[in-house]
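Everything below concerns the one structure shown next.
The values are calculated or read from the model by the stated rules, or taken from the named source; none is laboratory data. Since the structure is predicted, the reported quantities are computational estimates derived from the model, not experimental observations. Note: ideal-geometry Cβ built from the backbone for every residue, glycine included; neighbour counts use all protein chains shown. When the accessible area is computed, the model is the full protein with side chains, heavy atoms only, and any ligands, DNA or RNA have been set aside. Shrake-Rupley method; radii C 1.70, N 1.55, O 1.52, S 1.80 Å.
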Amino acid sequence: MGKTLYDKIWDSHVVHEYPNGDCILYIDSHLVQEVSSPQAFEGLMNANRKLHRPDAALATPDHNVPTTSDRNTKIDDPESIEQLKALRENVAHFGMPYIPMEDDRQGIVHVIGPEQGMTLPGSTVVCGDSHTSTHGAVGALAFGIGTSEIEHVLATECHVMKKSKAMRVIFEGTLGPGVTSKDMALAFIAKVGTAGGTGCAVEYDGPAVRSLSMEARFSLCNMTIEAGARTGMVAPDEITFAYLKGRPMAPKGDQWDKAVAYWRTLKSDADAKFDLEVRIDASTIVPHVTWGTSPEDALPITGKVPSPSDYADLNKRAAVERSLAYMGLTPGTPLTDIRIDRVFIGSCTNSRIEDLRAAAAVVKGKKLASHVQAMVVPGSGLVKKQAEKEGLDRIFTDAGFSWREAGCSMCVGMNPDRIEAGQHCASTSNRNFEGRQGKGGRTHLVSPAMAAAAAIEGHLADVRKMS
């Protein structure tokens, strides 16, 4: 029987398999940030242990950092201050490669990993963050781990886990104008639900996926975790190789040629068997937006706010009732009638240069709606520099947007960038749970272009109708 892409990477990294199915898996790369690592480093110190391979790790602050130009004086949370201080001290103590806040390369771990060429096809990648699935876009096996697991990986470069089920999601056809990989992800999650991929390693395939840029593939794999899956991945191809070539930590010279020759073998065999398969016609997808408090609460922008009575399942009906109450929405309201107070363009889902270009194309020559506050937060300092070189920052600031420094920012309320209770925010991030962007805040997940459209119109809007 043929092997899936997941099988091939898994099999090449298994160090030992126990009778109960648990496996010791070798880990190639480990990304570290300030929120999930302090206890892991403390455990290493208490046990008087060193890092097994310091060169296999890379650390940077991202969750807690302010994004204003005076970021060093704007940290307003004592716990955040301690976490950032601990990361600086721990990386110095253990000799771990570190990109500090002041460095142009600093940014969100899931942006800088591929950007630096640390994330490579066929490798295993971990981080103490659930959205590590992002890195699967290059054809890697990437997943989030917990604090005790971080300690174990740092000490041994190994991780114990059971093999996941294999799920293939095939996007057939071609995407229409104004439709992005963010819409593909939301359509997939809406179709299968937030538990539809539980226990699975998802491989995305099909014509619509193969035509995506690397930036778009990162967004798609990033959102996989919101379907309950363990990881998401796309088989590497010429688009992948072109993106990685010349990156600082990518192979060079003869090693590059050898690596590419191996990477070309990393695709599912024609006779490979998947435990689950989902097919979606990409040509039927229109720009999506979430209306509720779960990523599965997504609908085409042409739709209306649903009613609890639309659902036969009593548990789902109750969940919809709670979501509507929290979001302050009335069933039957056209989604385009939902007023927006804040707009956030950023996060590990949509903060790369392509995302900023797409938003800037919508904003150019226009002005923010008078009641809207909007910010653009590049995923790394290098993305910020590239955007400024192209003049994207001026497009945004001329329109009334706030142009920020790199960081996780308003994706998660762990830094000064938060929305206030009752405010509706069009956000390019990945989660819309209660309080995710700030206590009482109401989040609507959209693509960068859709977020830009909402900022200009002052309400959720169909970017395809923007002039």
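Label 7 Å along Cα→Cβ of PHE433; the stretch 216-256 residues with amide nitrogen under 17 Å?
223-231
What relative contact order, as a whole-number percentage, does the chain give when Cα pairs under 8 Å and 6 or more residues apart are counted?
18 percent
So, with +1 on the Cβ of K and R and -1 on the Cβ of D and E, and no other charges, what is the size of the charge dipole of the chain about its Cα centre, to the nearest 20 debye?
Taking the Cα centre of the chain as origin, the dipole is about 680 debye.
How much length would be gained if the chain were fully extended between GLU79 and LYS273, taking 0.36 nm per residue of separation minus their Cα-Cα distance, in nm to one decimal?
Additional length available on full extension: 65.1 nm.
Kindly rank 244-254, 51-61, 389-399, 341-351 from highest to lowest mean number of other beta carbons found within 10 Å of each residue.
The peptides rank, most packed first, as 341-351, 51-61, 389-399, 244-254.
Would you calculate the volume per residue, in Å³, of the smallest convex hull containing every Cα atom of the stretch 401-467?
Convex hull volume per residue, Cα atoms: 92 Å³.
Could you give the accessible area per residue of the chain, probe 1.4 Å, as a whole number in Å²?
Per residue, the chain has 38 Å² of solvent-accessible surface.
Suppose R0 equals 25 Å; then what is the FRET efficiency for SER148 and ASP70 from their Cβ-Cβ distance, rounded to the nearest 0.05?
E between SER148 and ASP70, to the nearest 0.05, is 0.10.
Suppose each label sits 7 Å from its Cα in the direction of the beta carbon; what would the GLU102-ASP11 distance come out to in nanometres?
For GLU102 paired with ASP11, the spin-label model returns 5.0 nm.
Please report the carbon-and-sulfur percent of the accessible area for the chain; probe 1.4 Å, protein heavy atoms only, DNA, RNA and ligands left out.
The value for the chain is 50 percent carbon and sulfur by accessible area.
Starting from a Cα-only point model with no solvent, please compute log10 I(q)/I(0) by Debye for the stretch 67-117 at q = 0.17, 0.21, 0.23, 0.30 1/Å.
Rounded to two decimals, the profile gives -0.64, -0.94, -1.06, -1.21.
Which one of ALA449, GLY246, LEU25 is farthest out on the positive end of the charge dipole of the chain, using unit charges on Cβ (Lys, Arg +1; Asp, Glu -1) and the Cα centre as origin?
Checked the options; the winner is ALA449.
List the relative contact order of the stretch 165-261 as a percent without decimals, with contacts defined as Cα pairs under 8 Å and 6+ residues apart.
30 percent
Taking the stretch 405-467, which trypsin sites (Lys or Arg not before Pro) meet the DSSP loop condition and have no more than 13 other C-beta atoms within 10 Å?
LYS439
Under the classification rounded if a/c is under 1.5, otherwise prolate if a/b is larger than b/c and oblate if not, where does the stretch 334-467 fall, given a ≥ b ≥ c as square roots of the Cα gyration tensor eigenvalues?
Oblate, since a/c reaches 1.5 and b/c is not below a/b.
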